[in-house]
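Single-structure report; data block below.
The values are calculated or read from the model by the stated rules, or taken from the named source; none is laboratory data. Please read all numbers here as calculations on a predicted model, not as lab measurements. Methodologically, a virtual Cβ is constructed for each residue, glycine included, from the backbone with ideal geometry; neighbour enumeration extends over all protein chains shown. Surface areas here come from the heavy atoms of the whole protein model, side chains and all, with no ligands, DNA or RNA. Shrake-Rupley method; radii C 1.70, N 1.55, O 1.52, S 1.80 Å.
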Amino acid sequence: MEKKPAEFAILKIGEKEIRLPLVIGTQGERGIDISSLRRDTGLVTIDPGLGNTAACYSQISYVDGEKGILRYRGIPIEVLVKKVKFIDVAYLLVHGELPGADERKKFSEMLNLNSMMHEDMRHFFDHFPQGSHPMHILSTMINAMAAFYPNVDIKSMADNIDTSCARLISIIRTMAAFAYKKSIGEPVVYPRHDLSYCANFLNMMFDSPVRPYHIHPEAVRLLNVLFILHAEHEQNCSTTAVRAIGSAQVNLYATISAGISALSGPLHGGANQAVIEMLRMIHEDGDVDKFIRMARDKNSPFRLMGFGHRVYKTYDPRAEIVRNECDAYLTLINHKDPLLDTARRVEEAARKDSYFVERNLYPNVDFYTGILYRALGIPENMFTVMFALARLPGWVAHWKEMIGDSTKIIRPRQIYIGRNEIFEHEIENRNNPQII
Ligand code: CMC
């Protein structure tokens, strides 16, 4: 970050003028540093949804929502999906550089070593009610890790970041596959040391004693692409949750569990499941324009899921890659998905519609992702779990960066708009216990 204290914004409040320094990021984004504002003026800023607030400095990823750019540690995602695997990206995000051959070998070994969960944890799966959503199971299980793995204080976890990170990245995959196996009543499949990260996950999901699973290299390649695209996205809702909760020096497992919970919402990671449910509804109805009208209608709660983004005001670069992969992968495996045709029709209609054009509402990463997960055989209630698996390195990278910055506990202010003080005698007079 380049600081230019020579540049200031002038804020005039009545007769008083104060100078607020401008900060400039490496890509030229400019911000007003208001850290002394309350001290100097007694004022706070108000920014619901924090759309105008940079909550931290960060070196992990860069998004340009106007140009449709996404880079991890400076490397465009278009390059990463072509050149490297998901575990390289995980290493890149957490450590700042792509791994060399030795680092990669060591990291893979650590992933393998940490791929089994504590055997006692396996029994937890038996006690979730039938039909529990796997995202709820996953956040609970990750939270429970603090009880099974000692030394969870922030210093120990930071000092052993390689192990903390490898354990989480590896175990979350095992837990996700176990949750699925339990949900369909099949025996769990343990991780194998001879398989790569994505191949191992597919095998744990789909291998069975009566139906051995053939791991298709193209399925492995595709999963790597999808995981890379979801691995990191700067200060989104779940990452902000991770940073906020981590700032209280909560242990890393509880912190990541909170990130998973935030991700599960339909306006965030849960959108990938919501998109498929919506596409199915549109497909069965057949009338695309009716749903476009509903999405435009302010009296209707219906939104076009997989469309719009807080930051991207153009085509989400991840959505473009996923859309192209849909064409390529479905052709390769000679699979026709009627929901892909519906998705294309919806996109075409929305992109011609003035409501969507004026508001810059384009498909986001979730719009086409579910089509590919379906083609891989992933059940719909696991879609958001896939997102969580992929986002884990991003969360860990932000946690590591945050504790390294010795961040203060996150504690925003508010503008109080509630009642004035109610005095004791008024309560007695009103004799209304509900007022308390
Ligand atoms: N369908 C219909 N109208 C929409 C949509 C949509 N999907 N998205 C935004 N709008 C409208 C919104 O009603 C508002 O209209 P107006 O200006 O007339 O009030 C305008 O566009 C601006 O929207 P906003 O809600 O103020 O934008 P936001 O930045 O607060 O919300 C969003 C971003 C992603 C929550 C929202 O676009 C949305 O709900 N999309 C559908 C859910 C979705 O696909 N989520 C996944 C996001 S990407 C992956 C991730 O983050 O996990």
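Numbers below:
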item: Whichever lysines have a C-alpha closer than 21 Å to that of Lys155, once near sequence neighbours (fewer than 8 apart) are set aside; result: Lys400, Lys408
item: Ser36/Val210 FRET efficiency (R0 51 Å; Cβ-Cβ; nearest 0.05); result: 0.15
item: Most mobile of Ala147, Ala390, Ala244 in a GNM of the chain (Cα contacts under 10 Å); result: Ala147
item: Solvent-free Debye scattering, log10 I(q)/I(0), computed from the Cα coordinates of the chain at q = 0.07, 0.13 Å⁻¹; result: -0.40, -1.23
item: Cα lying deepest toward the dipole's positive end in the range 256-399, options Asn334, Ile276, Ala350, charges on Cβ; result: Ala350
item: Shape of the range 321-400, Cα gyration tensor, a/c cut at 1.5; result: oblate
item: Gyration tensor (alpha-carbon) shape descriptor, the range 68-144, a/c threshold 1.5; result: oblate
item: Values of log10 I(q)/I(0), in the order q = 0.13, 0.21 Å⁻¹, for the range 1-146 under a Debye, Cα-only, solvent-free model; result: -0.91, -1.25
item: Calculated FRET efficiency for the pair Tyr416/Asn299, C-beta based, R₀ 25 Å, to 0.05; result: 0.20
item: Area of Phe8 that stays accessible when all protein chains are in place (1.4 Å probe, Å², to 10); result: 70 Å²
item: By average C-beta atoms within 10 angstrom, highest first, the peptides 366-379, 111-124; result: 366-379, 111-124
item: Residues Leu267 and Asn160, FRET efficiency given R0 of 51 Å [Cβ-Cβ distance, rounded to 0.05]; result: 0.90
item: Local electrostatic count at Ile13 - Lys and Arg +1, Asp and Glu -1, tallied over other residues with Cβ under 15 Å; result: +2
item: Rel. contact order, % - alpha carbon contacts under 8 angstrom, at least six apart, the chain; result: 19 percent
item: Length-normalised contact order of the range 14-149 in % [C-alpha pairs under 8 Å, at least 6 apart]; result: 9 percent
item: Gap separating the Cα centres of the range 123-196 and the range 203-227, nearest whole Å; result: 19 Å
item: Residues of the range 202-265: accessible area per residue with a 1.4 Å probe, Å²; result: 32 Å²
item: Mean separation of Cα contacts under 8 Å (6+ apart) over length of the range 18-95, as relative contact order %; result: 14 percent
item: Surface share of carbon and sulfur [accessible, 1.4 angstrom probe, percent] for the range 298-419; result: 49 percent
item: Added length on full extension, which subtracts the Cα-Cα distance from 0.36 nm per residue, Ala54 to Lys82; result: 7.0 nm
item: Positive-end residue, the chain charge dipole about Cα centroid, Cβ charges, pick of Ser196, Ala147, Asn324; result: Asn324
item: Å² of accessible area per residue within the range 297-370, as computed with a 1.4 Å probe and no ligands counted; result: 51 Å²
item: Extreme residue, positive dipole direction of the range 310-436, given options Met402, Thr384, Asn360 (C-beta unit charges); result: Met402
item: Near-label residues of the range 242-271 by backbone N, under 14 Å of a point 7 Å along Cα→Cβ of Phe148; result: 253-254
item: Per residue accessible area in Å² of the range 82-160, where ligands, DNA and RNA are left out and the probe is 1.4 Å; result: 56 Å²
item: Dipole magnitude of the chain about its Cα centre (Cβ charges: Lys, Arg +1; Asp, Glu -1), debye to nearest 20; result: 340 debye
item: Cβ-defined net charge surrounding Gly100, 12 Å radius [Lys, Arg +1; Asp, Glu -1]; result: -1
item: Gap separating the Cα centres of the range 324-339 and the range 369-401, nearest whole Å; result: 20 Å
item: Solvent-accessible area, 1.4 Å probe, carbon plus sulfur percent, for the range 96-202; result: 54 percent
